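K.L.:
One structure is given below, represented as structure tokens, and several questions about it will come after.
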Amino acid sequence: MKRRSFLKGTLATGAAAVAVNAGLLTPSTVLADWNKKAFDAKTTDDALSSVYGSSAASASGDVKLKAPAIAENGAVTPITVDATGISGVESIAILASKNPMPLVCEYTFGAGALGYVSTRIKMGQTMNVIAVVKAGGKLLKAEQEVKVTIGGCGG
């Protein structure tokens with residue numbers, strides 16, 4: 001029985017390898033497109049302009065940013081952005097103002113999705129974390145200072 005299982009596994013692996021090499025199993029929908037200019041930007045305004053075409057985001061109480069007041073380890077700072085009270089959320093971007101490249105991440109949502117993101121980011125020093133939500137063509141933001149005791153970038 002072990003010999004039959006081995007032969008079935010070998011045949012399945014061989015068939016999958018041939019399909020991948022022939023281009024039949026190309027993960028075209030999985031390959032993400034990214035905005036190199038936005039992620040290479042050196043300031044928060046440049047990053048927002050590259051992502052959204054404008055850096056004019058207005059502060060909103062509907063965008064709830066949850067971050068620790070003091071992060072014991074800047075390498076794994078937990079951040080949560082909750083914009084579920086806003087209808088038509090198109091995307092959420094998280095920026096760390098003093099990081100060498102401030103744009104940490106940008107999430108794009110499909111129609112009917114709830115605007116909620118929870119992640120961990122790397123911070124090298126004490127700085128403001130900014131969450132920007134694009135909904136209905138408007139840019140809304142929330143900002144919070146996070147004090148870092150041990151830097152995530154070698155500090």
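K.L.:
Among the numbered criteria (1) modelled with pLDDT under 90; (2) assigned to a helix (DSSP H, G or I); (3) under 16 Å from the mean Cα position of the chain (by Cα), which one does PHE6 miss?
P.N.:
(3)
K.L.:
Tell me which residues, restricted to the stretch 57-88, are in a loop (DSSP other than H, G, I, E, B) and among the aliphatic types (A, V, I, L, M). First the steps, then the outcome.
P.N.:
At the first step, the residues of the stretch 57-88 found to be in a loop (DSSP other than H, G, I, E, B) are 57, 60-63, 67-69, 72-73, 83-88.
Hits for the stretch 57-88 are ALA57, VAL63, ALA67, ALA69, ALA83, ILE86.
K.L.:
Regarding ALA75, is this residue farther than 24 Å from LYS37 by Cβ, surrounded by 13 or more Cβ atoms within 10 Å (Cβ to Cβ), of a type in the set (A, V, I, L, M) and out of contact with any Ser or Thr (no Cβ under 8 Å at 6 or more places or on another chain)?
P.N.:
Details: farther than 24 Å from LYS37 by Cβ: yes; surrounded by 13 or more Cβ atoms within 10 Å (Cβ to Cβ): yes; of a type in the set (A, V, I, L, M): yes; out of contact with any Ser or Thr (no Cβ under 8 Å at 6 or more places or on another chain): yes.
The answer is yes for ALA75.
K.L.:
Report, by residue number, each residue of the stretch 103-155 that is under 14 Å from ILE86 (Cα atoms), assigned to a strand (DSSP E or B) and not aliphatic (A, V, I, L, M).
P.N.:
Matches in the stretch 103-155: TYR116, LYS134, LYS138, LYS141.
K.L.:
I'd like to verify a number: residues in the stretch 39-63 that are crowded, with 18+ Cβ neighbours inside 10 Å and farther than 18 Å from GLY137 by Cβ, how many?
P.N.:
The total comes to 3.
The values are calculated or read from the model by the stated rules, or taken from the named source; none is laboratory data. In this text, all values refer to a predicted model and were calculated from it rather than measured experimentally. Ideal geometry is used to build each Cβ from the backbone, glycine not excepted, and the neighbour counts take in all protein chains shown.
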